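Novice: Next up is a structure, given as structure tokens.
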Amino acid sequence: MEMPDSLRTALENLLDGVPFNSLISDAQNISMRYRSHGPKAKPQIKERTEALAYAASRMPATFGAVYTALQSSLLSLSSRPESLADVGAGTGAASWAADSVLDLKDITCIEKEKVMLDTGRELMSHGSGALRRAKWVNNDLSVSDIPKADLVIASYVLNEITGNIRKAVIEKMWSAAGMMLLIVEPGTPEGYSNIIEARRLLLEAGAHIAAPCTHEKSCPKEEKDWCHFTCRIGRSRLHRMLKGGKAPYEDEKFSYLCAVREKCNLKGMRVLRHPLVYSGFVQIEVCTPEGIKNIRLSKKNGEKYKKARKASAGTLLSADETV
Ligand SMILES: C[S@@+](CC[C@H](N)C(=O)[O-])C[C@H]1O[C@@H](n2cnc3c(N)ncnc32)[C@H](O)[C@@H]1O
């Protein structure tokens with residue numbers, strides 16, 4: 001998967017003239033601050049050069065995570081959101097991802113750090129349609145209201161908000177969401193624990209789950225493991241130079257939850273890990289309403305075997321594709 005050309009070009013133009021060494025050191029500083037602050041991370045980006053480094057180094061991955069999560073979420077829904085509130089929008093990656101998947105008419109981005117907001121707004125001015133018209137609001141989610149929208153997205157934000165404030169923000173996001181709320185977090189135990197907390201609160205508030213869970217019982221991963229998925233994003237030359245390494249892609253791990261107002265028609269099993277392929281058979285770990293199962297399909301299962309081989313973590317298989 002790639003970011004849209006218009007976003008890549010806008011980013012390259014914005015970075016034109018920024019000394020490359022300072023971009024690298026800012027990107028490394030941000031990454032170190034995020035890692036060293038641990039589960040209750042609250043690193044803040046206050047300098048324009050850091051906002052640019054964030055955009056260059058992290059936007060491809062957060063774009064990819066939101067794009068993938070949103071596509072999976074929409075599979076079980078019959079209607080499509082037309083308005084978006086992107087909360088903790090940063091430099092706008094989630095809005096770009098949602099705009100690539102949906103026919104959005106209206107986007108509002110809420111961001112508390114002015115330098116992130118300015119960078120995001122500048123990038124979006126090179127987009128078209130709803131992106132170009134997007135409204136940017138310089139607000140702190142913990143104290144301000146969230147405007148109503150069909151879809152509310154919080155991408156890589158909850159892990160920057162602590163304790164009771166986080167709960168209040170989840171409740172506010174749900175009140176604002178006319179149709180659906182998508183929360184995406186890093187694919188780490190901490191990111192997953194934020195997702196699980198949100199899942200509990202949202203189910204208590206009467207929400208239904210569109211993805212990734214195929215049921216609304218407690219999460220079978222909660223005790224010993226964490227649920228996360230991976231998306232693969234192509235790396236530009238600039239990105240390779242910034243983050244080191246030669247691979248033409250990077251794999252981003254993320255956890256997510258899509259809560260919806262209307263009960264959705266979610267059936268089947270979510271593949272949790274890349275299938276294990278053995279000689280003559282394939283083994284897949286799936287999440288089902290009856291808990292986690294390991295299913296084996298052999299060559300004798302024909303098309304079902306072929307489909308299972310091609311599955312990856314996150315694929316939704318219907319029940320009759322696995323028996
Ligand atoms: C890791 S960045 C993610 C940005 C973007 N959503 C993405 O996926 O690339 C988190 C963003 O959330 C913003 N943020 C954190 N706490 C916030 C709050 N209480 N109110 C508004 N924005 C907040 C930060 O300033 C930062 O720009």
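Just so it is clear, none of the values below were taken in a lab; they were calculated from the coordinates. Note that the coordinates shown come from a computational prediction; the quantities given were computed from them, not determined experimentally. Methodologically, a virtual Cβ is constructed for each residue, glycine included, from the backbone with ideal geometry; neighbour enumeration extends over all protein chains shown.
Novice: In degrees, nearest 10, range 0 to 90: what is the angle between the Cα axis of helix 114-124 and the longest Cα principal axis of the chain?
Specialist: The helix 114-124 is inclined about 70 degrees to the chain.
Novice: Please give the helix 5-15 orientation as an angle from the longest Cα principal axis of the chain, in degrees from 0 to 90, rounded to the nearest 10.
Specialist: Tilt of helix 5-15: around 40 degrees.
Novice: Ok, one more. Order by neighbour count: GLU82, GLU204, fewest other Cβ atoms within 10 Å first, most last.
Specialist: The order, fewest Cβ neighbours first, is GLU204, GLU82.
Novice: For the chain, give the share of DSSP beta bridges that are antiparallel, in percent and rounded to the nearest 5; count only bridges with both residues there.
Specialist: Antiparallel: roughly 65 percent of the beta bridges in the chain.
Novice: Taking 8 Å as the Cα distance limit and 6 or more residues as the minimum spacing, I'd like the relative contact order of region 5-260 as a percentage.
Specialist: Contact order relative to length: 20 percent.
Novice: Largest first and in whole Å, give the semi-axes of the chain's equivalent ellipsoid, each being the square root of 5 times a Cα gyration tensor eigenvalue.
Specialist: Taking √(5λ) for each Cα gyration eigenvalue gives 32, 24, 18 Å.
Novice: Moving on to the next point. Net charge near ARG48: determine it from the other residues with C-beta under 12 Å of the C-beta of ARG48, scoring Lys and Arg +1 and Asp and Glu -1.
Specialist: Summing Lys/Arg as +1 and Asp/Glu as -1 gives -4.
Novice: Sort MET32, MET173, MET180 so that the residue with the fewest other Cβ atoms within 10 Å of its own Cβ comes first and the one with the most comes last.
Specialist: The fewest-first ordering by Cβ neighbours comes to MET32, MET173, MET180.
Novice: Can you give the Kirkwood hydrodynamic radius of region 174-283 from its Cα pairs, in Å with one decimal?
Specialist: 16.1 Å is the Kirkwood radius here.
Novice: Something else about it: Please report ASP86, ASP99 as a ranked list, fewest other C-beta atoms within 10 angstrom at the top and most at the bottom.
Specialist: Ranking ASP86, ASP99 by Cβ neighbours within 10 Å, fewest first, gives ASP99, ASP86.
Novice: How many percent of the alpha carbon pairs in region 59-201 exceed a separation of 18 Å?
Specialist: Result: 51 percent of Cα pairs exceed 18 Å.
Novice: Seen from all sides and averaged, what is the projected area of the convex hull of the Cα atoms in region 1-140, in nm²?
Specialist: Taking a quarter of the hull surface, the average projection is 8.7 nm².
Novice: Further, regarding this structure: Given the DSSP H assignment, sum -39500 (n - 2.57) over each helix run of at least 4 residues in the chain and divide by its residue total; what's the result at 222 nm in deg cm²/dmol, nearest 500?
Specialist: -12000 deg cm²/dmol
Novice: State the three equivalent ellipsoid semi-axes of region 269-321, derived from the C-alpha gyration tensor as the square roots of 5 times its eigenvalues, in descending order and whole Å.
Specialist: The three semi-axes for region 269-321 are 17, 11, 10 Å.
Novice: Using only Cα atoms, tell me the angle between helix 163-176 and the longest principal axis of the chain; keep it within 0 to 90° and round to the nearest 10.
Specialist: Helix 163-176 sits at roughly 80 degrees to that axis.
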